[in-house]
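Data block below; observations after.
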Amino acid sequence: MKIKKWHILSMLLCFVFGFCGVHAKSSNISEGIYMLESVRTPGKVLDVEGGSRNDSAALQLYEKNYSDAQKFYIYKSKDGRFRIRPVCSGKLLTCGSYFGNGEKFSRMGIFQKKFVNSDYQKWTFEESDKGGFYIICKANDMIMGFDDRGGAKIKLWKQNINKGQRFKLIPIKTFNSDGYIISTDKNDMQIDKMQVLFKSLGKDWSRQKLKRIVDNSSMCFGVFDKKGVQVGFARVITDYETKCIVLNVVVDKSCRGRGIGTKLMRYIVEHEKLRNCQFALTPSNDKVARTYTLVGYQKASYCTIMRAN
């Protein structure tokens, strides 16, 4: 039987890169919080080393213990790729050369870093027909994984048929905020709906007051459902260069628990106009504060003080 040249090329590619039958189409993963368990070593999961909140903290494989260092907030970026935020820090998994503790990785390392709107912080999940997902960096098409010989550090590799490069997604909590859109156009804010939203928080504000609040804020963010009804709001006061104070975050009671508040806060901290700012806010309670940690907020070492009238 005569073998055609393209058959030979195909077989060579499969042998060198392992591309034969590895991937199915990119999966539609629900936004939410997940653990990522190794197919190669069940019981071990992706883990931020030491549960660190610092930039450049590395990613490793570690025994499953359900700590925040092993939980990741996964959501889609505007281009359809995914961003992955460790719950322990609220930063973003980033691929690139990494130096730490005097060690230089022999391969591209994976570490956490604050949001920088880079393709090095975007990932694709591709389901393998052999079980689990390949997690691929958009910037260089290299794949997340560890050395099958026992290395615990997570690095980037060329794609191949390798259990050390496949991970199962274990859902901790999934969100349902896909049908909601966010607008920064102040003309879109529905003052009547905002009155109802803030009344649920015990703030009986007049239309005139809310109109002044919207007009005098640096930016306003409204959340709207599929029918165009406003179901959420937040605003910021900022100089667009140093500080940004987030105020009056609210989501309609009937829509809570769907990840809308997290989506709103994420939209704010990732907004291009605010990329140079350090953010600050005062959460209404501990439960709300924990939501904000998913997008990088940390408890400060000082208390809010107010001048008495």
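The values are calculated or read from the model by the stated rules, or taken from the named source; none is laboratory data. All values derive from a computational prediction rather than experimental measurement. A quick note on method: Cβ atoms are made from the backbone with ideal geometry, for glycine too, and the neighbour counts reach across all protein chains shown.
Given the conditions (1) modelled with pLDDT under 95; (2) part of a strand (DSSP E or B), report the number of the one that residue 226 does not fulfil.
Here residue 226 meets the rest and fails (2).
Is segment 272-281 home to any residue that is part of a helix (DSSP H, G or I), surrounded by fewer than 18 Cβ atoms within 10 Å (Cβ to Cβ) and not assigned by TED's automatic domain parsing to the domain that holds residue 51?
Among the residues of segment 272-281, at least one is part of a helix (DSSP H, G or I), surrounded by fewer than 18 Cβ atoms within 10 Å (Cβ to Cβ) and not assigned by TED's automatic domain parsing to the domain that holds residue 51, which makes the answer yes.
Mind counting the residues in segment 170-191 that are within 15 Å of the chain's Cα centre (by Cα) and outside any loop (DSSP other than H, G, I, E, B)?
The number of residues fulfilling the criteria is 4.
Any chance segment 147-170 includes a residue that's farther than 20 Å from residue 261 by Cβ, touching a helix residue (DSSP H, G or I) at 6+ places or on another chain (Cβ under 8 Å) and either of a type in the set (S, T, N, Q) or assigned by TED's automatic domain parsing to the domain that holds residue 264 (or both)?
Yes, the conditions are met somewhere in segment 147-170.
Here are 239, 185: which of them is charged (D, E, K, R), over 18 Å from residue 265 (Cα atoms) and not assigned by TED's automatic domain parsing to the domain that holds residue 72?
After ruling out the rest, the residue left standing is 239.
Answer yes if at least one residue in segment 223-244 is over 20 Å from the mean Cα position of the chain (by Cα) and on the phi > 0 side of the Ramachandran plot, and no otherwise.
Yes, segment 223-244 contains a residue that is over 20 Å from the mean Cα position of the chain (by Cα) and on the phi > 0 side of the Ramachandran plot.
Could you list, in sequence order, all residues of segment 251-271 that are closer than 18 Å to residue 87 by Cα and surrounded by fewer than 19 Cβ atoms within 10 Å (Cβ to Cβ)?
Hits for segment 251-271 are 257, 267, 270.
Residue 136 is checked against (1) in contact (Cβ under 8 Å) with a residue 24 or more places away in the chain; (2) within 21 Å of residue 30 (Cβ to Cβ) and fails just one. What number does that condition carry?
With (1) in contact (Cβ under 8 Å) with a residue 24 or more places away in the chain; (2) within 21 Å of residue 30 (Cβ to Cβ) applied to residue 136, the lone miss is (1).
Which residues, taken from segment 158-174, are crowded, with 18+ Cβ neighbours inside 10 Å and of a type in the set (A, V, I, L, M, F, W, C)?
167, 169
Could you name every one of the strands (runs of 3 or more DSSP E) located completely within segment 1-88 that has at least 2 residues being modelled with pLDDT of 90 or more and among the aromatic types (Phe, Trp, Tyr)?
72-76
Restricting to segment 118-142, and then to whatever is assigned to a loop (DSSP other than H, G, I, E, B), of a type outside the set (A, V, I, L, M, F, W, C) and over 17 Å from residue 75 (Cβ atoms), can you tell me which residue is modelled with the highest pLDDT?
132
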